[in-house]
Amino acid sequence: AAKSNGRNQFSYFTRSMQQEAHTRLRLIGDLRNALSGNQLRVYYQPVIDLRTGAVSKAEALLRWQHPKLGMIDPPRFIPFAEESGLINEIGEWVFQEAARCSCRFGSRLGKPFQISVNKSPVQFMSRSEQVDWPEYLKSLGLPGSSISVEITEGLLLNASSRVTERLLQYRDAGIQVAIDDFGTGYSSMAYLRRFDIDYLKIDQSFVRDVASDTGDRAIVRSIIAMAHELGLQVIAEGIETAEQKAALIEAGCDYGQGFLFSRAVPPDEFERSLGAA
Ligand code: C2E
Ligand code: MG
Ligand code: MG
Ligand code: MG
């Protein structure tokens, strides 16, 4: 019995591995048509001002509405988009969508509304990022302050002059910059001074136990204190409970994002929620 059990387990294992490889190949193939086939969506998650509780801005988060496999989250397909180079085209489309929605949400509110877009390191470093931002923003009818860009700390450790150049171009166009998933990489405080960064986004892995774990709370507190000393604002990611929110407010955190407030939702729903506020 043990033997046949083992064999079953083995065949189950290989079958699921085969399936996974199959799905992977399928996603890689299908991704080529996702943009032209109108299958990509940009959802918006509110960023809350923790002092007032008001919606302050939003993050644009990509979704793939696959015709057969349903809604697919970015970690499952962004790596393929990066490998194939499709990320540049997709990233540009996300940017345009976010710009359009910033105008739309802004006119609903009667004041400018900032939307942040995630920029993968591959896209950030590619030639297609060599853009005349002021000119491009003008063509979209948008002030630079209505867009911010989220990059990861790894990029800043790479001391390439291209990184410096790109960041200066953003700054000159009025586009703000956030460091996403802060604390998970090789966090070096030095680069926060060297580059003109506006926001730190504390990774959700530190937020999870911020209310219960004194170690995590100490880390969060010192990130916030340091950021404020350097003139940066702090956004906490992945707030799911009132206890986490309270601990973050107590630590002096400026903004928060998370399921406690809202998941990322389609633009129509986001706009309705602004109207109701
Ligand atoms: P991220 O930029 O750090 O985004 C935060 C992720 O956490 C999002 O997952 C969001 O839905 C999720 N999240 C928000 N609040 C909570 C919460 O309270 N609890 C939990 N458990 N999760 C929460 P999502 O949308 O699946 O995106 C995952 C990652 O994919 C993003 O991480 C970002 O790195 C990347 N990504 C998303 N959109 C784009 C895009 O347009 N371009 C690029 N290059 N990357 C993107
Ligand atoms: Mg992000
Ligand atoms: Mg993050
Ligand atoms: Mg700045």
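Some points to look at:
- The C-beta contact set for the stretch 138-164 (first residue at positive phi, second residue hydrophobic (A, V, I, L, M, F, W, C) and not in a strand (DSSP E or B), distance under 8 angstrom, 6+ apart or interchain) comprises Gly141/Cys103.
- Within the stretch 180-192, one or more residues are surrounded by 14 or more Cβ atoms within 10 Å (Cβ to Cβ), away from ligand 2 (no atom under 16 Å from the Cβ) and either over 19 Å from the mean Cα position of the chain (by Cα) or among the aliphatic types (A, V, I, L, M) (or both).
- Verdict on Thr52 being part of a loop (DSSP other than H, G, I, E, B) and hydroxyl-bearing (Ser, Thr, Tyr): yes
- Test for Ala227: is it part of a helix (DSSP H, G or I), surrounded by fewer than 21 Cβ atoms within 10 Å (Cβ to Cβ) and among the aliphatic types (A, V, I, L, M): no
- Condition met for Tyr199 (within 16 Å of ligand 1 (Cβ to nearest atom) and either crowded, with 16+ Cβ neighbours inside 10 Å or within 17 Å of the chain's Cα centre (by Cα) (or both)): yes
- For the stretch 118-156, the set of residues classified as touching a helix residue (DSSP H, G or I) at 6+ places or on another chain (Cβ under 7 Å), over 14 Å from Ala178 (Cα atoms) and hydrophobic (A, V, I, L, M, F, W, C) consists of Val122, Met125, Trp133, Leu137, Leu140, Leu142, listed by residue number.
- Checking Val207, Val234, Val220 one by one, the residue that is at pLDDT 95 or above, touching a strand residue (DSSP E or B) at 6+ places or on another chain (Cβ under 7 Å), among the hydrophobic types (A, V, I, L, M, F, W, C) and within 16 Å of ligand 4 (Cβ to nearest atom) is Val234 and no other.
- Beta carbons closer than 7 Å, at least 6 apart along the sequence or on distinct chains, pair a first residue in the stretch 199-221 that is aromatic (Phe, Trp, Tyr) with a second that is within 16 Å of ligand 1 (Cβ to nearest atom) and in a helix (DSSP H, G or I) for Phe206/Asp216; Phe206/Val220.
- In the stretch 18-49, of all residues being assigned to a loop (DSSP other than H, G, I, E, B) and closer than 20 Å to Ser120 by Cβ, the one that is nearest to ligand 1 (Cβ to nearest atom) corresponds to Leu35.
The values are calculated or read from the model by the stated rules, or taken from the named source; none is laboratory data. Since this is a predicted model, take the numbers as computed values, not measurements. Methodologically, a virtual Cβ is constructed for each residue, glycine included, from the backbone with ideal geometry; neighbour enumeration extends over all protein chains shown.
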